[in-house]
Structure formats: structure tokens, C-alpha cells
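Quick notes on the structure that follows.
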Amino acid sequence: MKNSLKQIVISNKELERTEAAASQAEINNPLTKPDRRNFLKKSVLGGITLTGLMGLSPDDVIAKTTARVPRYSSPSDLRITDMRYTTITNGNGATNARNVLLRIDTNQGIYGLGEVRDGGDARFALYLKSRILGLNPCNVEMIFKIVKQFGGHGRMGGGVCGVEMALWDLAGKAFNAPVWAMLGGKYREKIRLYSYIPNSGGVPLADMDISKFKDDVKHRMEVQGFTWLKCHPGIEKISKIPGTTVNTKFVPGFNEKVTPSRSQNYLAYQNTRHAFTSIQVTNKGLDELTKYVDTIRSIVGYDIPLSADHQGHFDVNTCIRVGHALERFNLASLEDFLPWDDTDHLKMITDTINTPTMTGEDIFLKEEFKKLCDTHAVDIIQPDMGSSGGILETKKIGDYAEEKNTPMVMHFAGSPICFMANVHCAAATQNALALEVPNQIVDNPWWPNLVKMVGKQPLYTKGFANVPEDAPGLGIELNDEEIKKHLHPEDTSYFVATPQWNEVRSYDRIWS
């Protein structure tokens with residue numbers, strides 16, 4: 001394992017040991033109230049793991065993991081009666097401009113919340129409604145197997161994943177248990193978050209106000225409390241300097257703003273696979289790139305991890321040259337150097353450079369992650385729960401990666417619903433290092449107000465998400481008043497009935 005990655009793992013384990021010791025001290029304290037002491041003692045469900053549940057039916061899994069949980073509904077009689085949605089906007093980018101929130105209703109009045117991945121389409125989820133009506137939402141894994149054939153890599157997985165999150169929220173409410181408890185218990189009380197450097201540092205070096213950036217970084221670290229940051233040392237930061245790049249002037253769409261309609265221009269830069277752009281970074285370009293990263297690293301310091309993403313679309317040889325040039329900054333990871341399915345070339349980069357490599361935010365289901373882990377094509381896997389398959393599938397991905405000595409960082413950019421789904425999964429997965437929260441979240445004062453916490457803890461505190469201890473399901477309810485302030489202008493409906501999606505119109509079997 002590469003040195004910078006070892007330091008992160010050691011730091012996380014020390015934090016978890018400290019939290020475990022604090023919990024034990026609270027149990028031993030004679031002033032601790034009996035109810036609180038009993039909760040702490042039962043917070044981990046007797047060592048239940050996914051391995052121990054293999055071979056059991058979905059009903060038996062639910063029964064086993066909730067054997068000691070008081071039931072405040074009639075789970076065996078619970079049935080799905082409806083699925084509705086609303087769409088909010090959380091920015092003006094191609095992805096955060098559209099966040100679809102799901103609500104699955106039942107015959108007992110309880111409902112589950114889920115979310116289609118940022119930048120996805122509500123219809124990805126609505127198409128699944130006719131396949132789940134009348135089913136018991138507590139059979140989460142069985143329903144997932146029914147609908148997963150309708151998902152795909154990238155945003156195409158958003159519908160399946162959003163439905164799966166909502167099912168877990170429902171099951172937790174039915175059994176009055178937090179989702180992490182139904183996954184086998186938790187490893188940690190808090191989830192480390194990583195954010196981006198402030199926007200004042202996301203410009204070419206010549207345009208950067210160094211004094212303001214220093215103040216903004218200080219705020220990010222000391223006031224907001226983040227202990228892990230990410231920067232974007234892409235070639236667009238240097239391409240306007242003559243002699244730094246080759247061919248960027250001749251690739252259609254280079255340096256243009258990313259928009260949802262870009263898919264229609266198939267030969268545009270953003271749609272061109274890295275090997276086919278003919279873009280190269282010159283020696284002068286490498287020098288300018290290192291100046292940019294050196295400025296950021298010198299201001300951030302070396303006490304915290306600093307990751308990098310969006311390097312640019314160029315071939316494996318240029319990736320290796322850029323990787324070597326940035327090694328002296330001890331970056332925690334270089335994300336998505338190449339497309340995730342270019343396994344052979346990713347492994348070539350990983351084996352050649354000394355900075356940890358990372359990919360996975362667009363992968364659907366565990367099978368492709370297994371290939372990355374089996375071949376050690378990257379040092380870190382990075383599933384996005386909005387694409388990877390939802391809560392349980394992401395835990396399975398993490399558990400498999402753990403067997404291969406591969407850590408997991410969790411990609412995220414959405415609403416507090418998907419955020420909390422990630423928190424529960426990360427709490428229950430041993431090798432989860434950190435969860436992403438991009439700038440449109442951490443610099444957005446109304447974002448946490450989109451939901452109300454059912455328990456006593458806030459969403460996150462000083463750079464760490466709080467794992468709910470006293471709330472069932474995901475542990476949140478919608479703040480209708482706040483959400484209605486941010487409805488997407490293209491669709492201002494608010495959880496209206498969707499009967500047009502009730503009828504199954506196709507024969508879904510994919511084998512004969």
C-alpha cells in the first residue's frame with residue numbers, strides 16, 4: 001500500500017478506536033442513564049455480517065438482523081401502494097441542476113425516501129413503479145433483483161438506486177431500526193467527509209487571488225472543520241498559457257461548459273475517450289501544472305489529505321507523465337485518470353506511479369468493481385451510491401474490496417437523502433475512508449435544511465457526518481417548506497400522484 005494511503009487508513013483507525021473507547025467509557029460511567037447504556041450495548045448487532053447471512057432468504061435476513069428490534073408496525077403486512085417524486089435544483093451545473101427526490105408510499109401510512117442520482121431523470125425511477133406495486137418493501141434484496149436489470153452505468157443506474165434507498169428507509173421504519181443496524185451494525189460513530197478546495201482556488205494560477213484563497217482555505221479547515229480536501233488540477237488551468245498543451249485548440253468543445261445536451265455532440269471533448277483526443281502536456285505544461293498544485297498544497301499544508309480530480313482527457317503515456325510530476329505533493333489520490341472500464345491501462349498507471357489511483361463513480365453493480373479489485377487496477381475504489389446499486393450493493397462492493405485489501409472512498413453530489421444513505425452504508429462498511437461533499441453543498445447554507453433530522457444529531461458537524469443513533473430508517477424527514485423554495489423550474493410538481501406509471505407494459509425476463 002502506498003505511503004499516503006497508509007497514513008489515511010492509520011488516521012481513520014485511530015479515530016474509530018477513540019470513538020469506541022468513548023462509547024465504552026460512557027457505558028461504564030455510573031451517571032449514564034439506563035436507556036442510554038442499553039442502547040450503546042446493543043448498537044452493534046452481535047457481529048452479524050453479510051457473510052453470515054449468505055444463503056438465507058430475504059425474509060430470513062430481515063428477521064435475523066432485526067430479531068431484537070421492537071416492531072412498531074406490521075412488517076409482514078406492509079405493501080407498496082405508490083411512488084411519487086419531486087425535482088429540486090442545487091446549482092447550475094450539468095449534474096447538480098437536477099436532483100430527483102423519491103417517495104414510496106405504503107398501506108400503513110409510512111413511506112420511504114430515496115433519490116435518483118444527481119443529473120438523472122425521474123423517469124429512470126418511475127419506470128420501475130409498476131414492477132414494485134403491491135410488494136412488501138421489507139424484501140429489499142428481492143425487489144432489487146427484480147428491478148436491477150433496468151439500471152446501467154452512470155446516471156442510468158439512478159432509478160434502481162433511488163428505489164433501493166427508499167426501500168431501506170421503509171424497512172427501517174417498519175422495524176424501528178436505523179439502516180446501519182439492519183446492515184449488520186456499525187464500525188464508527190462519525191463519517192469523515194472530504195470537500196473541495198474553495199472556489200477561489202479553482203481558477204488558473206494567474207487569475208487566483210492568493211490572499212482570498214488563503215482566507216477561504218482557513219475557513220474551510222478551521223471553521224467548517226474539513227480534514228480532507230480535493231482539487232482539480234486539470235489541463236484547462238494551464239491550456240491558455242502558450243506551449244503548455246498539444247492539440248487543445250483543435251478538439252471540438254475543449255474548455256466549454258459541460259451541459260446535459262453535450263451527449264448529442266458525440267465528438268465533443270467531454271464525450272471523447274481519453275486515448276482519442278491526441279492531447280498531450282508538454283514539459284512547460286508539467287511545470288505550470290506543478291506550480292498550480294504547489295500553490296494549493298503550500299496553503300493547505302501537508303497535515304491533511306489532498307486529492308485530485310479532472311486532470312483531463314489524454315492518453316496513458318501523458319497520465320503517467322502527469323502522475324510523476326505531481327508525486328512530490330503527496331496527493332491522497334488521483335481520480336479517474338482514464339475511463340473506469342480501461343482496466344489494463346489503469347493498472348499500468350497504478351503500477352508505474354507512486355500516488356494512489358482511484359475510480360468507480362459511474363459503475364453500476366459490484367461485478368465491474370470486482371474486476372478492478374481482482375487486478376488491483378486502482379488503489380482505491382470510489383462508488384457513487386446513486387449509480388452503484390444503492391445501500392446494500394455498495395456495502396457488498398466495499399466488503400469485496402476489503403477482502404482484496406482495497407479501501408473505499410464514497411463519491412456523492414446530491415441532496416441530504418442520498419447523503420444519509422451513504423452515511424449508513426459507510427458506518428456499516430469497514431474499509432470506507434471518507435464521503436464526498438462538494439462545494440455546492442458545503443457552501444450552501446440552505447442545503448442541510450432540506451430535511452429534518454428525526455433524532456437529536458445534525459446532518460454533520462465540523463467535517464464529519466453523524467451516524468444516527470436514535471432514529472429509524474435513514475433518520476430524516478422532508479422539510480416541505482424549504483424544498484418547495486428550490487423546485488426545478490422545468491417541473492414544479494410536488495409528489496403528485498403518478499397513475500400513468502402503474503401498468504406493466506413489457507415482458508421483462510432476460511433469459512429463456
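Read the figures in this text as sums done on the coordinates, not as results from a lab. Computed from a predicted model, the values in this text were never measured in an experiment. Methodologically, a virtual Cβ is constructed for each residue, glycine included, from the backbone with ideal geometry; neighbour enumeration extends over all protein chains shown.
Given a cut-off of 19 Å, name the pairs among LYS366/LYS404; LYS230/LYS291; LYS129/LYS396; LYS2/LYS347 whose C-alpha atoms lie farther apart than that in the structure shown.
Where the Cα-Cα span goes over 19 Å, the pairs concerned are LYS129/LYS396.
Which distance in nm do the two modelled labels at PHE250 and LEU267 give, with both placed 7 Å along the Cα-to-Cβ direction?
If labels sit at PHE250 and LEU267, their model points lie 1.3 nm apart.
Of the DSSP beta bridges with both residues in the chain, give the percent that are antiparallel, rounding to the nearest 5.
Percent antiparallel among DSSP bridges in the chain is about 60.
Show me 168-175, 427-434 ranked by packing, highest mean number of other Cβ atoms within 10 Å first.
Going by the mean number of other Cβ atoms within 10 Å, highest first, we get 168-175, 427-434.
Which aspartates and glutamates have a Cα less than 14 Å from the Cα of LYS214, not counting those fewer than 8 places away in the same chain?
GLU222, ASP294
Given H placed on each backbone N at 1.01 Å, which residues far from THR106 in sequence or on other chains put an amide H within less than 5 Å of it?
Distant-sequence amide H within range of THR106: THR81.
Work out the charge dipole of the chain with +1 on the Cβ of Lys and Arg and -1 on the Cβ of Asp and Glu about the Cα centre, then indicate which of HIS313, ASN139, GLY463 is farthest towards its positive end.
About the Cα centre, the residue reaching furthest to the positive side is ASN139.
Run the numbers on region 190-475 and let me know its relative contact order in percent, using alpha-carbon pairs under 8 Å that are six or more apart.
For region 190-475, the relative contact order is 18 percent.
Report the one residue of MET165, MET1, GLY389 whose Cα lies farthest in the direction of the positive end of the charge dipole of the chain (charges on C-beta: Lys and Arg +1, Asp and Glu -1; origin at the Cα centre).
MET165
Percent of Cα-Cα pairs per 5 Å bin, from 0 to the last occupied bin, for region 190-475, please list those.
1, 6, 12, 15, 18, 17, 15, 10, 5, 2, 1, 0
Determine the shape class of region 440-492: with a ≥ b ≥ c the square roots of the Cα gyration tensor eigenvalues, call it rounded for a/c under 1.5, and otherwise prolate if a/b is greater than b/c, oblate otherwise.
oblate
Just want to confirm a number: the relative contact order over the chain, from Cα pairs under 8 angstrom separated by 6+ residues, in percent. Before the final figure, lay out each step's value.
Details: 1030 pairs, mean separation 96.6, N = 512.
Relative contact order of the chain: 19 percent.
Name the residues of region 185-226 whose amide N is less than 12 Å from a point 7 angstrom out from the Cα of LYS462 along the C-beta direction?
The answer is 222-226.
Taking the Cα centre of region 190-475 as origin and charging only Cβ (+1 Lys, Arg; -1 Asp, Glu), how large is the dipole, in debye to the nearest 20?
The dipole of region 190-475 has a size of about 540 debye.
When the Karplus curve 6.51 cos²θ - 1.76 cosθ + 1.60 is applied with θ = phi - 60°, which whole-Hz ³J(HN,Hα) does each residue of region 147-163 get, with x for Gly and Pro?
For region 147-163, the Karplus curve yields 9, 5, 5, 8, x, x, 5, x, 5, 5, x, x, x, 4, 5, x, 5 Hz.
With each run of n ≥ 4 DSSP H residues scored as -39500 (n - 2.57), what mean residue ellipticity at 222 nm is computed for the chain after dividing by its residue count and rounding to the nearest 500 deg cm²/dmol?
Helix contribution divided over all residues of the chain: -10000 deg cm²/dmol.
Could you give me the ³J(HN,Hα) list for region 213-222, computed from phi with Karplus coefficients 6.51, -1.76, 1.60 and θ = phi - 60°, whole Hz, x at Gly and Pro?
With the stated coefficients, region 213-222 comes to 4, 4, 5, 5, 5, 4, 5, 4, 8, 8 Hz.
Show me 382-395, 401-414, 234-247 ranked by packing, highest mean number of other Cβ atoms within 10 Å first.
Taking the mean over residues of other Cβ atoms within 10 Å, the ranking is 382-395, 401-414, 234-247.
Assign unit charges at the C-beta atoms only (+1 for Lys and Arg, -1 for Asp and Glu), then state the dipole size of the chain relative to its Cα centre in Debye, rounded to the nearest 20.
With only Lys, Arg, Asp and Glu charged at Cβ, the dipole is about 620 debye.
With a cut-off of at most 13 other beta carbons within 10 Å, and DSSP calling the residue loop, which chymotrypsin sites (Phe, Trp or Tyr not before Pro) in region 264-371 qualify? Please list them.
TYR266, TYR302
If you take the Cα atoms of the chain, find Rg, then find the Kirkwood Rh from the mean of 1/r over all pairs, what is Rg/Rh?
0.96
With the cut-off at 27 Å, tell me which of the pairs LYS173/LYS456; LYS212/LYS240; LYS145/LYS370; LYS371/LYS462; LYS190/LYS371 have Cα atoms farther apart than that.
LYS371/LYS462; LYS190/LYS371
Please report, for the Cα atoms of region 337-482, the Rg to one decimal and the Dmax as a whole number; what are they, in angstrom?
Cα only, region 337-482: 16.3, 53 Å (Rg, Dmax).
Can you work out ³J(HN,Hα) from phi for every residue in region 234-239, in order, using Karplus 6.51 cos²θ - 1.76 cosθ + 1.60 and θ = phi - 60°, giving whole Hz and x for Gly and Pro?
For region 234-239, the Karplus-derived couplings read x, 5, 5, 6, 10, 5 Hz, x marking Gly and Pro.
Scan around LYS186 for amide H atoms under 5 Å from its own, H built in the peptide plane at 1.01 Å from N, and keep only partners 5 or more places away or cross-chain.
LEU45
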